[in-house]
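The values are calculated or read from the model by the stated rules, or taken from the named source; none is laboratory data. Just so it is clear, the structure is predicted and the values come from calculations on it, not from any experiment. When we count neighbours, we look across all protein chains shown, and the Cβ atoms used for this are built from the backbone with ideal geometry, even at glycine.
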Amino acid sequence: SFWIMLVGFNLTFGPMHILGLQGMSRRIDTYARGYGFEFWNMAATVGSLLIAVSVVIFIWNVVKSKRDAPHLPPPGPDPWDGRTLEWSIPSPVPVHNFDTVPQVHGRDEWWHTKYAENDEGKVVRVATVEEAAQTGEATDVHLPSPSFWPLAVAVGLPLIGYGLIFNLWLALIGALLTIASLYSWALEPVDDPDAAHDHHDDHSDDEAEATDPGAADDSTEGDQQ
């Protein structure tokens, strides 16, 4: 699909540059014979058909993948033996991305985590994907709270652009909306980092025992009696 699209795209739009240099106007659906436009227009037509074929193949691939997915094993974090860090996390990607922030020591860090050179200078595998990849099971990663202010900023910015072209008052409204949204977004309160994680509740009893050792001793004596 990719290569057919690549060939079709260049075969469609490449001849249009040549036709323009030959004097053919844009956006016309017919032209008189004898100007030398026939060959390159036919080439562009063939290219557009190749684009259509690639789209059909892509749609078929999506449908087939969707149909066969329940019967296939999960792809895992690194199905393509990738080189960069985005392949070191599970698929589907967890909401927090990385369990821990990766330490990068060089280019293609993920590749060098899996491979190294032996004494003979040959590349050998030193760790499997399962051993090196992150599990995505971390529960202590702090995520920002949900906010509608980014949406307000996204509304204000197009108003600025549209207003600068057609109406400066509209641009002013967009600028005020954007500035107010950014200000409110920056001052938005942050929730307790541990408030939404189960481990916070799991350790509540342990924390109580740590703060009041006597209470733990009393409960132990009561159980023994």
R26, sole failed condition from (1) within 23 Å of W3 (Cβ to Cβ); (2) surrounded by fewer than 11 Cβ atoms within 10 Å (Cβ to Cβ); (3) touching a helix residue (DSSP H, G or I) at 6+ places or on another chain (Cβ under 9 Å); (4) not acidic (D, E): (1)
Among the residues that make up the stretch 19-36, is at least one of them touching a residue at least 12 places away in the same chain (Cβ under 8 Å) and at positive phi? yes
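Looking only at the stretch 62-115, count how many residues are among the basic types (K, R), in contact with a helix residue (DSSP H, G or I) (Cβ under 7 Å, 6 or more places away or on another chain) and assigned to a helix (DSSP H, G or I). Let's see the steps before the verdict.
Step one: of the stretch 62-115, the residues among the basic types (K, R) are 64, 66-67, 83, 107, 114.
Then drop every residue that is not in contact with a helix residue (DSSP H, G or I) (Cβ under 7 Å, 6 or more places away or on another chain), which leaves 83, 114.
Of the ones still in play, those that are also assigned to a helix (DSSP H, G or I) are 114.
Within the stretch 62-115, residues that are among the basic types (K, R), in contact with a helix residue (DSSP H, G or I) (Cβ under 7 Å, 6 or more places away or on another chain) and assigned to a helix (DSSP H, G or I) number 1.
Considering only residues that are among the polar types (S, T, N, Q) and out of contact with any Gly (no Cβ under 9 Å at 6 or more places or on another chain), look in the stretch 136-181 and name the one that is modelled with the highest pLDDT.
Within the stretch 136-181, the subset among the polar types (S, T, N, Q) is 139, 145, 147, 167, 178, 181.
Pick out the ones that are also out of contact with any Gly (no Cβ under 9 Å at 6 or more places or on another chain) and you get 139, 145, 147, 167.
Numbers: T139: 78, S145: 77, S147: 87, N167: 92.
Here the residue is N167.
Just one of G156, G163, G121, G136 is surrounded by 15 or more Cβ atoms within 10 Å (Cβ to Cβ) and on the phi > 0 side of the Ramachandran plot; which is it?
Working: G156 fails: on the phi > 0 side of the Ramachandran plot; G163 fails: on the phi > 0 side of the Ramachandran plot; G121 fails: surrounded by 15 or more Cβ atoms within 10 Å (Cβ to Cβ).
Result of the check over G156, G163, G121, G136: G136.
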Any residue in the stretch 137-151 that is closer than 28 Å to I179 by Cβ sitting within a Cβ distance under 7 Å of a residue that is part of a loop (DSSP other than H, G, I, E, B) and not small (G, A, S)? List the pairs, counting only those 6 or more apart or interchain. H142/P193; L143/V95; L143/H96; S145/V190; S145/D191; S147/E188; W149/E188
Farther than 27 Å from E188 by Cβ and outside any helix (DSSP H, G or I) - does that describe any residue in the stretch 142-158? no
So which pairs qualify, if the first residue must be in the stretch 114-133 and without any contact (Cβ under 8 Å) to a residue 12 or more places away in the chain, the second must be surrounded by 14 or more Cβ atoms within 10 Å (Cβ to Cβ) and part of a strand (DSSP E or B), the Cβ gap must be under 6 Å, and the two must be at least 6 apart or on different chains? V123/Y115; R125/Y115
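Yes or no: the stretch 22-35 includes at least one residue that is modelled with pLDDT under 95 and part of a helix (DSSP H, G or I). Step through it out loud before you land on a result.
Here is the first cut: in the stretch 22-35, the residues modelled with pLDDT under 95 are 22-35.
Subset that is part of a helix (DSSP H, G or I): none.
Checked against the condition, which is being modelled with pLDDT under 95 and part of a helix (DSSP H, G or I), the stretch 22-35 yields no hits at all.
Does R33 meet the test of being basic (K, R) and surrounded by 12 or more Cβ atoms within 10 Å (Cβ to Cβ)? Steps first, answer last, please.
Details: basic (K, R): yes; surrounded by 12 or more Cβ atoms within 10 Å (Cβ to Cβ): no.
Criteria not met by R33.
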